[in-house]
1. If you scan region 226-258, which residues turn out to be part of a loop (DSSP other than H, G, I, E, B) and aliphatic (A, V, I, L, M)?
2. Do we have any residue at all in region 263-278 that's under 20 Å from Asn189 (Cα atoms) and part of a strand (DSSP E or B)?
3. Among the residues of region 534-553, what is the count of those that are in contact with a strand residue (DSSP E or B) (Cβ under 9 Å, 6 or more places away or on another chain) and without any contact (Cβ under 8 Å) to a residue 40 or more places away in the chain?
4. Is region 334-346 home to any residue that is crowded, with 16+ Cβ neighbours inside 10 Å and touching a Gly at 6+ places or on another chain (Cβ under 7 Å)?
5. For region 315-331, name all the residues that are in contact with a strand residue (DSSP E or B) (Cβ under 7 Å, 6 or more places away or on another chain) and not in a loop (DSSP other than H, G, I, E, B).
6. Among residues belonging to region 175-195 that are at pLDDT 95 or above and outside any loop (DSSP other than H, G, I, E, B), point out the one that is farthest from the chain's Cα centre (by Cα).
7. Name the residues in region 645-692 that are within 40 Å of the chain's Cα centre (by Cα) and either modelled with pLDDT under 85 or over 26 Å from Glu604 (Cα atoms) (or both), would you?
8. From the list Lys571, Lys630, exactly one residue is crowded, with 16+ Cβ neighbours inside 10 Å and among the basic types (Lys, Arg). Which is it?
Amino acid sequence: MPRKKEPPKKKAVFKHEAYIEGSGSIVNQRITDTLKTNYMPYAMSVIVSRALPEIDGFKPSHRKLLYMMYKRGLLSPDKERSKSANVVGETMKLNPHGDQAIYETLVRMTRGNEALLHPYIDSKGNFGKQYSSKMHFAAPRYTEVKLEKICNELFRDIDHDTVDFVPNYDNTMQEPTLLPATFPTVLVNSNTGIAVSMASNVCPFNLQEVCETTIALMKDSNHDILSTLKGPDFPGGGLMLYDETELNKVYETGRGSIKVRSKYSYDQAARCIEITEIPYTTTVEAIIDKIIDLVKTGKIREVSYIRDETDIDGLKIAIDVKKGTDPDKLMQKLYRLTPLQDSYPCNFNILIAGTPKVMGVREILIEWTAFREECIQRRTYFDLQKKKEKLHLLEALSKILLDIDKAIRIIRETENEADVVPNLMIGFGIDEVQAEFVAEIKLRNINKQYILRRVEEVDTLRKDIEEMEDILRDKKKIRKIIINELQDVIKNYSKPRKTMFFYQSDVEEEEETDDTPDYPVNIFVSDSGYFKKITPQSLRMSNEQKLKEGDYISQSFESTNKTELIFFSDKAQAYKSRVSSFEDSKASVMGDYIPAKLSFDDGEGLKTVVPTIDYSGYVIFFFENGKAAKIPMKSYETKTNRKKLSKAYSEKSPLVAAIFVNEECDILLRTSSGHALLFNTGMILPKSTRDSQGVQVITLRKKALLSSAEIVTEENLEELQKYRAKSVPAAGKPAKELGDSNQLML
């Protein structure tokens, strides 16, 4: 029987709401909704579950690693170190982000890396150094680790229900949400994290000072924190600028900046400065590279050689200085110009109950105290229930003590095993749990000595239960327990402060000096934007300027190598530079192309250059519409090193000329209609706003424009006198006047 022909399948059409077989449907969605739907879950995950530390002082990656080491028994003093590779592999049961990320986390917490004030991991092998970017750590198969003794304080009573446990990512085991640390680890060891739209940067503090401050705050909520917590204490030491105002700001708001400088000594015999401690935020390589750059550019001339002498004994940077150099003055200069002095930016952003919050030291310690109080309450309640259960069982032994033979007889005469417990319950008036406990007693323990010894515990248990119930009722007793634990931590783990202090009054800060060599130069600027700096000697040898075809020198003036220059573009922007930033040139070369040299915007060209030394005087801008604006040079002076200034002058009319005047002088203006105006700059009042359009200085005829402006000099003074003589009434009309100036027909 012939098969029926099936109708041909319709081809999918690429239309808005159509779909192609085997693919998803096309949906219109606002991009803001897409970002909210797809990106927000990721952002929240990074903030809450990855980048920010919690009140126990750890990020999830740190906590998972330490907990797995604890579960492996690496906290036991009898346990040998384990290969790092084994620890990393075990941690992947809780942290599936990859072995390399886990190992880098482990490295930072080791004693060998020197990144933490109180390392959590005892290490053997090469773990690199926090203060060096080139000293890389060895592979995990070569290194060995175990937990440091201080980790006893992190995991104390963790099995007593002090913190919550949650399933791991594949639901095969449980992990803690926090560690019940007995001291404020969040402030003792530094922690840095970058989340989405927020970050955290917690500086380390001395363990003893933190614990003492916590105790003082628990006793008096108005305690002056600065009296016990002197300031941050960095693992690398260094000297911290003691600034009470800034410290109080950090302590109260959680934000601020701590200035730290390197520690050095001077070997006079070898003429060598030895730097042994550097700021926590920099590296040996960054310091050496910066000093080498300064020597190459001529800003530092006292250094003859620098080398890294870091070895097994610790960090050392050796700087050989030239004969006659004052080492203290040189170090003041290096502090100012290099990372030998750096600032640690504080941002105490910490997760509290899953919510990020920037807090000061006071608030952090209050939150930690509340967290620790909850741990003590939960531990006490857990122990209370255990003791109550034990007491309940021992009370059954007390009843059996009255007639042991009866208990044996009941068990022996019971025919079925399942009836033993019910018969004991009936015979002694005890419940099922007690009867089960009695039935499980070994035959060798059914003697008066064993039973009496166990029964003696009843009084102790009842006393302990009463004390625990009293603790749960009285918050002061909970705080007393916390204080005792903090005092034990101080006794067992405190270390002398590493970071000492220096005061601004103790150091004679060297005034910032300009080491740029100063000598006379001639400046030439062409109309198309080429710049030349030529010394007088070179200019005498060749006076013929090399220029592009059709180009010409539009500006030339004498200056010095230290003079600052302001380049005004045709887009109303100013670019600041110095004469010393340009290489000495010759008349026979093209010179530097300013738009490229100073990174002008696309399509932006050079209009004029104004030199200045002390930003005195004025710049007068002349526009095609006949207006002029007199702007003080101080308007272009900036406290920072900004190189680009927008709105340097008005854009309402095209700029004709910008003339720098240090004192009042005569200016000659020319118009496209053949008129000229001679006036004195004192007639124009200065404007405080850079982009001011100024005032009308010349009346223009219809369709006429201002074409040029120039300072009147002795050279063109005779020419002007001729124009004045010719300036007679035209067609019976007198010449127009503007104040004391004369408008001339040329």
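The values are calculated or read from the model by the stated rules, or taken from the named source; none is laboratory data. Worth saying up front: this structure is predicted, and the values here are computed from it rather than measured. Reconstructed Cβ throughout: ideal geometry from the backbone, glycine too, with neighbour counts over all protein chains shown.
1. If the condition is that a residue be part of a loop (DSSP other than H, G, I, E, B) and aliphatic (A, V, I, L, M), then Leu229 is the only one that fits.
2. yes
3. The total comes to 4.
4. Yes: region 334-346 contains one or more residues that are crowded, with 16+ Cβ neighbours inside 10 Å and touching a Gly at 6+ places or on another chain (Cβ under 7 Å).
5. Selection gives Ile317, Ala318, Ile319, Asp320, Val321, Pro327, Leu330, Met331.
6. Glu175
7. Ser688, the sole residue that qualifies.
8. After applying the criteria, what remains is Lys630.
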